[in-house]
């Protein structure tokens with residue numbers, strides 16, 4: 001990565017307009033520097049913290065209980081049996097009246113397992129689950145899950161694939177943009193604009 005960044009910098013210093021690095025982290029970092037130099041970065045931003053959790057649910061319960069303001073956590077599912085995952089989500093949402101849980105599965109389930117997980121969720125709590133990121137091994141299976149249940153999904157890994165197109169789809173609530181895995185600021189901004197246009 002260092003060599004790629006230095007090669008880009010050398011070309012830029014020679015007055016050339018080098019293409020974005022094929023390494024997303026390098027492309028994002030360098031594009032941030034350029035955007036700052038050109039004063040294209042916003043002076044203010046809407047930044048919200050989301051707790052990221054994949055461990056002991058008791059610890060998450062304690063942290064959420066003590067958190068002031070909007071309570072939002074991102075919880076990993078798909079590591080254990082779907083029954084256990086469903087029970088943990090139900091228990092957290094039942095025990096705490098406020099929080100919303102964004103769930104992420106990283107394509108860990110078959111459609112059958114994802115449907116099994118959805119069946120264990122109490123329908124009362126679904127409105128407090130904004131979405132489940134990439135539940136199934138394929139996009140088609142994830143779409144089928146969204147259509148068969150009231151569980152909204154979000155694209156994460158798919159956003160980084162060459163053939164991904166942002167479009168409004170039934171059951172799809174969001175796309176997850178991870179700049180250091182996507183690439184340049186312009187590429188990220190393009191995805192944001194496409195998402196707003198498709199809304």
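Structure above, values below:
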| quantity | calculated |
| --- | --- |
| Value at 222 nm in deg cm²/dmol, rounded to 500, when DSSP H runs of n ≥ 4 in the chain each add -39,500 (n - 2.57) | -13500 deg cm²/dmol |
| Normalised contact order of region 103-199, rounded percent, pairs of Cα under 8 Å and 6 or more residues apart | 24 percent |
| Neighbour-count ranking [beta-carbon atoms within 10 angstrom, fewest first] of 60, 23, 181 | 181, 23, 60 |
| Burial ordering of 109, 125, fewest other beta-carbon atoms within 10 Å first | 125, 109 |
| Helix 82-95 axis, angle to the chain major axis (alpha carbon atoms, nearest 10°) | 80 degrees |
| Residues 84, 139 arranged by fewest to most Cβ contacts within 10 Å | 84, 139 |
| Relative contact order computed over the chain (Cα-Cα under 8 Å; 6+ residues apart), in percent | 20 percent |
| Between region 153-199 and region 76-99, the alpha-carbon center distance in angstrom | 27 Å |
| Semi-axis lengths, Å, region 91-147, gyration tensor of Cα atoms, sqrt of 5 times eigenvalues | 22, 11, 9 |
| Region 58-189: antiparallel DSSP beta bridges as a percent of all, rounded to 5 | 0 percent |
| Nearest-ten-degree value, helix 57-66 long axis tilted from longest Cα axis of the chain | 80 degrees |
| Angle between the chain longest axis and helix 2-13 axis [Cα atoms, degrees, rounded to 10] | 40 degrees |
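Every read-out reported here was derived from the displayed coordinates using simple, explicitly stated rules and does not represent laboratory data. Keep in mind the model is a prediction, meaning the values are calculated, not measured. Glycine also receives a Cβ, built like all others from the backbone with ideal geometry; neighbour counts cover every protein chain displayed.
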